[in-house]
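Asker: I am attaching a structure below and will ask some questions about it afterwards.
The values are calculated or read from the model by the stated rules, or taken from the named source; none is laboratory data. Just so it is clear, the model here is predicted, and its values are computed rather than measured. No Cβ is skipped: glycine too gets one built from the backbone with ideal geometry, and neighbour counts run over all protein chains shown. Just so you know, the surface numbers come from the protein's heavy atoms only, side chains and all, with ligands and any DNA or RNA stripped out. Shrake-Rupley method; radii C 1.70, N 1.55, O 1.52, S 1.80 Å.
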Amino acid sequence: MFEVDLSNNTNVVQSLQLTPAVYSTILAYHVLVTFLSLAGNLLVLYGTHRYNAINIDAVSLIFIKFLAVTDISIALMSCVPVLVTMIKTQWVMGKSVCFALAYLIYIPGIAQAFIILEFTLYKLVLLVSPMASLAGTWTAKKMTVTFAVTYLLTTIHTACSLMLSRGASYSPAEMACSINKARPEFQTYGGISIVVISFSPPVMIVIINMALLVIARKSQKTDYPKMPSIRAIVITLCISWIYVISIVPKGIMNLHVAQHRQPATWLILFQKEVFYLNSACNPIVYTAVNSRFRDFVLRRLSRKVNTVKLTLAYQFEEGCSSKRSRRGTEEILLDEKKRSDDCNECDGNTAC
């Protein structure tokens, strides 16, 4: 039977032993990261789907779309619940939501690592063998299937974790629910998962990135008909390095867990907030590197600013008109009152 432990559901500020100033700073940071993760990645999906706002090859575009969906899922399943918990200072979403989120967050979290790994590997193969894309080996459809299979495998892994751990518990340090890792049946499987999922993808991504840099530098003078664009390589390197940097604190915490040691509270909180920053940075990378997407974002922002200006101007004009109308009404009433007072002062033989 599945169990959900909420016995540690105490006041977050007291559990973390944070001053109000530090807690308010963390809350403000988390609000900003959550907003950028949701708004930025939704804008990426909207712009690429409707306006083709990112001028890049079809396979890279599929990667960007899948990564945006993954980042939105992480924001909804992790950033938003943590934000609600920080505002309410305790978990208020009940046992069912706690149990569901403890397992569902693993699907986009693990898929993100392997999607980035697969895409960096694709760029490396394309640099080593540029004619592969011309031969139809790498197509947008096949890359879509590859990413879909990645999501399927991470879902299977989550199902296995569910059957072995059979429960979830609330952690005040993480301000979120996590799977029950204390069960003996889960410890062996969990240890293997930590090595395969938490350490292997980042290490392989670093190795592939180094190879990308070396081969790209040597291939600058090569005139192949289908060399990957510098823009796509820069986006790949930026996204992958941001992911690796954001996952390092989490890897350190997992080392403590694998050695059956309780990580420090500050490390648990720090690794979680740094990991969230990864989802918020990806749209910023697209905006900085891709001129078409940057123009698209600026046009949207300019349109929103103009709309707000027009709305405020209309409301101001309405307020001024209403004020002038009230002023005119008051003047008429004062004139009527004055005439009435003058009439009252007249005697019966004098016409008013």
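Asker: Ignoring ligands, DNA and RNA, what accessible area per residue does the stretch 30-129 give at 1.4 Å, in Å²?
Answerer: Working: 3700 Å² over 100 residues.
Here the residues of the stretch 30-129 average 37 Å² of exposed surface.
Asker: Mind checking the full-extension length gain between Val206 and Ile192? Use 0.36 nm per residue of separation minus the Cα-Cα distance, one decimal, nm.
Answerer: Going from the current span to full extension adds 3.0 nm.
Asker: Tell me, how many Å apart are the Cα centres for the stretch 284-301 and for the stretch 79-112?
Answerer: 31 Å
Asker: If each residue of separation counts as 0.36 nm, what is the full-extension length gain between Leu153 and Val97 once their alpha-carbon separation is subtracted?
Answerer: Fully extending the segment from Leu153 to Val97 adds 17.8 nm.
Asker: Evaluate the distance, in nm, between pseudo-label points positioned 7 Å from the Cα of Arg231 and of Val274 along their respective Cα→Cβ axes.
Answerer: 3.3 nm
Asker: When only the heavy atoms of the protein chains count and the probe is 1.4 Å, how do Val128, Val82 rank by accessible area, highest first?
Answerer: On the way: Val128 100, Val82 0 Å².
Ranked list, largest accessible area first: Val128, Val82.
Asker: Could you please put Glu317, Glu118, Glu3 in sequence from largest to smallest accessible area, using a 1.4 Å probe?
Answerer: Glu3, Glu317, Glu118
Asker: Using a Förster distance of 30 angstrom, determine the FRET efficiency expected from the C-beta separation of Leu301 and Thr144, and round it to 0.05. Display every interim value, and only then the final one.
Answerer: On the way: r = 31 Å, r/R0 = 1.02.
Rounded to the nearest 0.05, the efficiency is 0.45.
Asker: Rounded to the nearest 20 debye, what is the charge dipole size of the stretch 72-213 about its Cα centre when +1 sits on each Lys and Arg Cβ and -1 on each Asp and Glu Cβ?
Answerer: 180 debye
Asker: Check each of the chymotrypsin sites (Phe, Trp or Tyr not before Pro) in the stretch 35-75 and keep only those in coil by DSSP with at most 15 other C-beta atoms within 10 angstrom; list them in order.
Answerer: Tyr51
Asker: Now a separate question. How do 100-107, 287-294, 70-77, 299-306 rank on mean C-beta neighbours within 10 Å, highest first?
Answerer: On the way: 100-107: 20.1, 287-294: 17.5, 70-77: 22.2, 299-306: 11.1.
In decreasing order of mean packing, 100-107, 287-294, 70-77, 299-306 become 70-77, 100-107, 287-294, 299-306.
Asker: Given R₀ = 25 Å, FRET efficiency for Ile87-Lys309 by Cβ-Cβ distance, to 0.05?
Answerer: FRET efficiency, Ile87 to Lys309: 0.20.
Asker: Here's another thing I want to ask about it. Going by a ≥ b ≥ c, the root eigenvalues of the Cα gyration tensor, does the stretch 64-200 fall in the rounded group (a/c under 1.5), the prolate group (a/b larger than b/c) or the oblate group?
Answerer: It is prolate, given that a/c is not under 1.5 and a/b is the larger ratio.
Asker: Something else: What ranking of Val308, Val297, Val12 comes out by heavy-atom accessible area, probe 1.4 Å, highest first? If you can, show how the numbers build up before the last one.
Answerer: Numbers: Val308 85, Val297 20, Val12 0 Å².
Listed by decreasing accessible area, they come as Val308, Val297, Val12.
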